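Colleague: Following this message is one structure expressed as structure tokens.
Here, each number is a calculation from the coordinates, and none is a lab measurement. Just so we're clear, the structure is a prediction, and the values are computed from it rather than from any experiment. No Cβ is skipped: glycine too gets one built from the backbone with ideal geometry, and neighbour counts run over all protein chains shown.
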Amino acid sequence: MIKRHLLYISISLLSFSCSTYTTFYSKTHQEINPAKSSKIYRLDLSNQDLEELPVSIENIKDLKMINLSNNTKLNIDNTLKKLAVHKNLEVLILDNLDIKKVPASIKLFPNLKQVSFVNNPNLNLQQAITQISELPIEFLNLKNNKLTSLPKNITKLQDLKDLNVSYNSINDPNTYIHLGKLPKLYSLWIDHNHLKILPKTIGELDQIRFLYVDHNELKDLPDQLVNMKKVWVIHAGYNKFTELPEVFTTMKALLMIHVNNNQIQVIPKAYETEKYPLAGLLLDNNPLPEAEKQKAKKIFSGFFLLSFGQKGYK
């Protein structure tokens with residue numbers, strides 16, 4: 001039992017990070033020191049008003065990650081060609097560059113696993129996916145790009161494990177059908193997408209482990225979540241639920257739920273009568289009446305994590 005609870009805790013901690021490229025390859029350097037260039041694996045050149053890459057970048061021996069964000073004067077094609085000497089590059093961050101099309105030179109990095117296009121609202125996403133489709137992309141960050149859907153060709157990213165589409169307005173049911181065809185997809189962020197409903201096609205995502213739907217406008221969830229047979233953790237805080245969604249009791253792999261900062265006042269009877277693997281529940285900042293709080297303590301007494309502090313509520 002102790003090992004099981006430790007597993008749940010590990011899962012909950014892992015579920016908090018969505019920028020996986022921030023933890024790779026030890027120290028991040030903001031400049032190139034010629035005396036130490038052979039030891040630079042992470043290079044952050046963001047916000048430096050660059051017009052071109054420094055010549056000394058060619059002296060780095062084994063660059064793994066580079067952040068070029070907020071250098072709007074860079075010619076992306078020329079920049080990538082100059083970087084091409086770094087065949088072992090795995091992480092490329094191209095945020096806030098007003099990219100419209102991704103140049104073919106991105107294919108010069110055969111080991112590229114993580115790419116970020118955050119806040120490039122004019123990006124032709126279908127074209128961008130075509131350009132990176134032959135690369136072993138595992139993490140794709142598309143935050144804040146004014147997206148309302150994802151193109152069908154996203155199914156070409158067969159190595160994709162983590163997809164972040166936060167801060168968009170994706171409400172297209174076909175998007176989830178496409179994502180359901182990505183066999184390795186592990187985590188999906190669709191928080192901050194102004195969602196009032198989740199399409200029934202969300203059930204197509206029967207492969208993912210972590211789902212983030214927090215900071216939306218959801219009042220309930222579709223029954224089709226039962227088809228998400230592998231999901232471990234769901235983040236659904238900061239929505240508009242008035243009762244704890246009953247569909248969670250039907251999800252056979254679900255271990256932990258975040259439903260903090262909603263309007264939940266009721267724990268449905270299904271949580272007393274049904275069998276489910278759920279063992280962690282965060283209900284903080286919901287207006288649960290005292291009677292429901294006491295009922296929750298009884299129903300969920302065996303949980304490794306149970307929290308329903310009601311700061312701001314009387």
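Colleague: Just one of (1) surrounded by 18 or more Cβ atoms within 10 Å (Cβ to Cβ); (2) in a loop (DSSP other than H, G, I, E, B); (3) among the hydrophobic types (A, V, I, L, M, F, W, C) trips up Leu211, so point out which.
Modeller: Among (1) surrounded by 18 or more Cβ atoms within 10 Å (Cβ to Cβ); (2) in a loop (DSSP other than H, G, I, E, B); (3) among the hydrophobic types (A, V, I, L, M, F, W, C), Leu211 violates only (2).
Colleague: For the stretch 134-178, give me each residue that is within 17 Å of the chain's Cα centre (by Cα) and hydrophobic (A, V, I, L, M, F, W, C).
Modeller: Of everything in the stretch 134-178, those that are within 17 Å of the chain's Cα centre (by Cα) and hydrophobic (A, V, I, L, M, F, W, C) turn out to be Ile137, Phe139, Leu140, Leu142, Leu147, Leu150, Ile154, Leu157, Leu160, Leu163, Val165, Ile170.
Colleague: Among the candidates Leu94, Leu89, Leu80, single out the residue that is within 16 Å of Leu45 (Cβ to Cβ) and touching a helix residue (DSSP H, G or I) at 6+ places or on another chain (Cβ under 6 Å).
Modeller: When all the criteria are applied, what remains is Leu80.
Colleague: Out of the residues in the stretch 145-187 that are touching a helix residue (DSSP H, G or I) at 6+ places or on another chain (Cβ under 6 Å) and of a type in the set (Gly, Ala, Ser), which is surrounded by the most Cβ atoms within 10 Å (Cβ to Cβ)?
Modeller: Only one residue tops the list, namely Gly180.
Colleague: Also, quick follow-up: If you take the residues in the stretch 117-144 that are polar (S, T, N, Q) and in contact with a helix residue (DSSP H, G or I) (Cβ under 7 Å, 6 or more places away or on another chain), which one is nearest to Ser46 (Cα to Cα)?
Modeller: Checking each candidate, the answer is Gln131.
Colleague: Condition (residue is among the charged types (D, E, K, R), assigned to a loop (DSSP other than H, G, I, E, B) and within 23 Å of Val91 (Cα to Cα)) applied to the stretch 190-208: is it met by at least one residue?
Modeller: no
Colleague: In this structure, is His235 within 19 Å of the chain's Cα centre (by Cα) and within 25 Å of Gln126 (Cβ to Cβ)?
Modeller: Considered against the rule, which asks whether it is within 19 Å of the chain's Cα centre (by Cα) and within 25 Å of Gln126 (Cβ to Cβ), His235 comes out as no.
Colleague: For Gly302, are the conditions met, namely being small (Gly, Ala, Ser) and exposed (fewer than 15 other Cβ atoms within 10 Å of the Cβ)?
Modeller: In short, yes.
Colleague: The conditions are (1) touching a Ser or Thr at 6+ places or on another chain (Cβ under 9 Å); (2) crowded, with 21+ Cβ neighbours inside 10 Å; (3) under 15 Å from Lys219 (Cα atoms); (4) hydrophobic (A, V, I, L, M, F, W, C), and Ala236 fails exactly one of them. Which is it?
Modeller: (1)
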